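K.L.:
Structure incoming, see below.
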Amino acid sequence: MARLHSSLQNKEFWYKDLLISCDNLPDFERDDVNIESRLSKHIVLKTPIISSPMDTVTEHEMAILMALMGGIGVIHYNMTPKEQAGEVEKVKRYESAFVKKPIILGPKNTVQDVFDIAKEFGFWSIPITEDGTQESKLVGIVTHRDVRYLETKREMKLPLSKVMTPKQKLITARDTQTVNKNDIRAANKIVRKHNVDTLPIVDAKFRLVAIVTDSDLKKNETYPLATKDENKQLKVLAAIESRMALAKKRLGENVDSGIDGVVIDASIVFAEQLQIAKYIKKNFPNLEVIVGNIASAKMLRQIDKAAGYIDAVRVGIGPGAACITQDQLGIGRAQGSAIWDCASVKSTIPLIADGGVRGPADIVKAFALGASSVMLGGMLAGLKESPGDPEFDDSAGHLVKKYRGMGSTEAMNSGGAVRYRVDNERIRIAEGKVKKVGYKGSGFVYIPTLAAAIKQSMQKLGFRDVPTVQKQAEIIPNSLN
């Protein structure tokens, strides 16, 4: 465990109150630093950053960005279970390797149907079967090449039988040589050899089993850090309520959509969270289960009794930029102290530092204090990939985006009240606020820059990886604060 300066012992401290002492002579380059770290017991992130389950932070675009960059996103639950499952599906369909449940149309569907699917999901390759289901034989395929020059109303009404590449001209692969062996390389060789957009995988009766697209080959080369599951799909988490009945209903939709884990989302760990975690592990043992939030060793020790069905825990009560819990209710803790205290417990449960991070320096400090990863909200809310459009703020003189705490009256009235266990109450006390954050542009530029800054900090400290920061950092007081 890292060392905490004696003057900080038995005191409450925030990130701004700390520095990490430079005690080593670095002998390696910044790019030699490995920031890979554990999100949970079974998920390791190349970039240990998680986007928060807030309705102004994480929907499918943010979750895709985070996974491609080596992190992971948590889809918020201020929407219906079906809508949330749809967000998860969009992440899973983005990069799929073997797409085993592709969207399928029939010969009588129209060109307009293809454009509608492309608008909603962002892809054009659609297999055509006899009856528009996976149970009938493949008769053709439609790709962007087939419809890209069609634009008139008459052309939009054309049946796909008139524009599709027919069965006779298709390049296909058998399931016995690809999917059944889970051999994506064999399929990719065929895609490259024949330079096709989409490769249908069929069984002995020429029924569609899966598809493979060339766009996924390009994505694999472009995003080598991407967080993926065994089927080479991007990983994604979904937030669920901390009430058993609501959690069960939401789980039913999301499990079918392919989620990799859940965050039982509440402002503090209510006892019912542990019951929900146990239910999930019993019925869906392959899902990662994250609970939270906590802020002390005492709380973690209670949770640690349930360590068999908990894979990670969020640390932080009230430190977020849009959170007013500490001011309004007088509860919570300085975030630095919360992480340090929880890290003092000999537990197998990884800690997620949630809230209070203002930049890369705080992320490295969180590692030094004992966190394995960090959850970000306000830092990501201004990105292009967060929900909502940027607007020009006359008083600020630049573009801004809306950012609201899930405890704000506005967010609670949209479904977030359950997170604070006041969903059944007539009077609701706000624990969050609505604010504006500066527009930061594309996350595909911002996240790599953030990761580089983290590495640069660790390089100057002489630490090549996160475990070394956690074990050897010398944490001292910041005399300027």
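The values are calculated or read from the model by the stated rules, or taken from the named source; none is laboratory data. What you are looking at is a predicted structure, and each value in this text was computed from that prediction instead of being measured. Note that we place each Cβ from the backbone using ideal geometry, even for glycine, and neighbour counts take in every protein chain shown.
K.L.:
Could you list, in sequence order, the residues of segment 280-308 that are acidic (Asp, Glu) and under 22 Å from LEU251 (Cα atoms)?
P.N.:
GLU288
K.L.:
Scanning for something of a type outside the set (Phe, Trp, Tyr) and under 17 Å from GLY73 (Cβ atoms), does segment 205-221 turn up at least one residue?
P.N.:
yes
K.L.:
Tell me whether segment 409-419 contains one or more residues that are closer than 19 Å to CYS323 by Cβ, part of a loop (DSSP other than H, G, I, E, B), in contact with a strand residue (DSSP E or B) (Cβ under 7 Å, 6 or more places away or on another chain) and at pLDDT 90 or above.
P.N.:
No: segment 409-419 contains no residue that is closer than 19 Å to CYS323 by Cβ, part of a loop (DSSP other than H, G, I, E, B), in contact with a strand residue (DSSP E or B) (Cβ under 7 Å, 6 or more places away or on another chain) and at pLDDT 90 or above.
K.L.:
Where residues in segment 58-114 are of a type in the set (D, E, K, R) and within 10 Å of the chain's Cα centre (by Cα), which of them is farthest from THR198 (Cα to Cα)?
P.N.:
GLU59
K.L.:
Give segment 413-465 a look and list any residue that's closer than 17 Å to ARG358 by Cβ and of a type in the set (Ser, Thr, Tyr), or say none.
P.N.:
Correct list: TYR446, THR449, SER457.
K.L.:
Please count how many residues of segment 431-481 are in a helix (DSSP H, G or I), under 20 Å from LYS365 (Cβ atoms) and among the small types (Gly, Ala, Ser).
P.N.:
Looking only at that region, the number is 4.
K.L.:
Here's another thing I want to ask about it. When residues of segment 257-273 are filtered for being within 14 Å of ARG243 (Cβ to Cβ), part of a helix (DSSP H, G or I) and touching a helix residue (DSSP H, G or I) at 6+ places or on another chain (Cβ under 7 Å), how many remain?
P.N.:
1
K.L.:
If MET66 passes every condition in (1) part of a helix (DSSP H, G or I); (2) in contact with a helix residue (DSSP H, G or I) (Cβ under 6 Å, 6 or more places away or on another chain) but one, which one does it miss?
P.N.:
Result: MET66 fails condition (2) only.
K.L.:
Scan segment 1-10 for residues that are touching a Pro at 6+ places or on another chain (Cβ under 9 Å) and surrounded by 13 or more Cβ atoms within 10 Å (Cβ to Cβ) and report the count.
P.N.:
The number of residues fulfilling the criteria is 2.
K.L.:
Something else: What's the total number of residues in segment 192-221 that are without any contact (Cβ under 8 Å) to a residue 60 or more places away in the chain and either surrounded by 15 or more Cβ atoms within 10 Å (Cβ to Cβ) or part of a helix (DSSP H, G or I) (or both)?
P.N.:
The qualifying residues number 10.
K.L.:
LYS346 is checked against (1) free of Cβ contacts under 8 Å to residues at least 60 places away in the same chain; (2) under 28 Å from ALA430 (Cβ atoms); (3) of a type outside the set (A, V, I, L, M) and fails just one. What number does that condition carry?
P.N.:
Failing condition for LYS346: (2).
K.L.:
In this structure, is ASP260 closer than 30 Å to ASP183 by Cβ and charged (D, E, K, R)?
P.N.:
Against the criterion (closer than 30 Å to ASP183 by Cβ and charged (D, E, K, R)), ASP260 qualifies.
K.L.:
Sticking with this structure for a sec: So the check is Cβ under 7 Å with 6+ separation or different chains; which pairs have a first residue in segment 65-77 that's closer than 12 Å to GLU385 by Cβ and a second one that's part of a strand (DSSP E or B) and among the hydroxyl-bearing types (Ser, Thr, Tyr)?
P.N.:
Filtered contacts from segment 65-77: MET66/SER51; GLY73/SER51.
K.L.:
Scanning segment 58-82 for residues that are in contact with a Gly (Cβ under 8 Å, 6 or more places away or on another chain) and β-branched (Val, Ile, Thr), which turns out surrounded by the most Cβ atoms within 10 Å (Cβ to Cβ)?
P.N.:
Applying the filter and picking the extreme gives THR58.
K.L.:
Only one residue in VAL315, VAL262 is under 18 Å from the mean Cα position of the chain (by Cα), without any contact (Cβ under 8 Å) to a residue 40 or more places away in the chain, within 19 Å of ILE352 (Cβ to Cβ) and crowded, with 24+ Cβ neighbours inside 10 Å. Which one?
P.N.:
Unique residue meeting the criteria: VAL262.
K.L.:
State yes or no: is LYS100 at pLDDT below 90 and not assigned by TED's automatic domain parsing to the domain that holds ALA187?
P.N.:
So LYS100 fits the description; yes.
K.L.:
State whether one or more residues within segment 275-298 are polar (S, T, N, Q), outside any strand (DSSP E or B), buried (at least 22 other Cβ atoms within 10 Å of the Cβ) and touching a Ser or Thr at 6+ places or on another chain (Cβ under 7 Å).
P.N.:
No, there is no match, as no residue in segment 275-298 is polar (S, T, N, Q), outside any strand (DSSP E or B), buried (at least 22 other Cβ atoms within 10 Å of the Cβ) and touching a Ser or Thr at 6+ places or on another chain (Cβ under 7 Å).
K.L.:
On the given criteria, is GLY370 buried (at least 24 other Cβ atoms within 10 Å of the Cβ) and more than 22 Å from MET406 (Cβ to Cβ)?
P.N.:
For GLY370, the condition - buried (at least 24 other Cβ atoms within 10 Å of the Cβ) and more than 22 Å from MET406 (Cβ to Cβ) - is not met.
K.L.:
Moving on. Of all residues in segment 17-57, count the ones that are closer than 30 Å to GLY73 by Cα, surrounded by 13 or more Cβ atoms within 10 Å (Cβ to Cβ) and over 27 Å from the mean Cα position of the chain (by Cα).
P.N.:
4
K.L.:
Any residue in segment 162-191 that's without any contact (Cβ under 8 Å) to a residue 40 or more places away in the chain and surrounded by 18 or more Cβ atoms within 10 Å (Cβ to Cβ): show its pairings with residues that are of a type in the set (D, E, K, R) and assigned to a helix (DSSP H, G or I) at Cβ separation under 8 Å, as long as the two are six or more apart or on different chains.
P.N.:
Pairs found: THR165/ASP146; VAL191/ASP214.
K.L.:
Please specify each residue of segment 318-373 satisfying the condition of being among the hydrophobic types (A, V, I, L, M, F, W, C) and either in contact with a Pro (Cβ under 7 Å, 6 or more places away or on another chain) or in a loop (DSSP other than H, G, I, E, B) (or both).
P.N.:
Those that are among the hydrophobic types (A, V, I, L, M, F, W, C) and either in contact with a Pro (Cβ under 7 Å, 6 or more places away or on another chain) or in a loop (DSSP other than H, G, I, E, B) (or both): ALA321, ALA322, ILE324, ILE331, ALA334, VAL345, ILE349, VAL357, ALA371.
K.L.:
Since LEU150 meets every condition but one in (1) aliphatic (A, V, I, L, M); (2) crowded, with 22+ Cβ neighbours inside 10 Å; (3) in a loop (DSSP other than H, G, I, E, B), which condition does it not meet?
P.N.:
Answer for LEU150: the failing condition is (2).
K.L.:
Could you figure out which of (1) within 21 Å of ASP465 (Cβ to Cβ); (2) in contact with a Leu (Cβ under 6 Å, 6 or more places away or on another chain) isn't true of GLU36?
P.N.:
Result: GLU36 fails condition (2) only.
K.L.:
Could you list all residues from segment 391-422 that are surrounded by 15 or more Cβ atoms within 10 Å (Cβ to Cβ) and without any contact (Cβ under 8 Å) to a residue 40 or more places away in the chain?
P.N.:
If the condition is that a residue be surrounded by 15 or more Cβ atoms within 10 Å (Cβ to Cβ) and without any contact (Cβ under 8 Å) to a residue 40 or more places away in the chain, then VAL400, THR409, GLU410, MET412, ALA417, VAL422 are the ones that fit.
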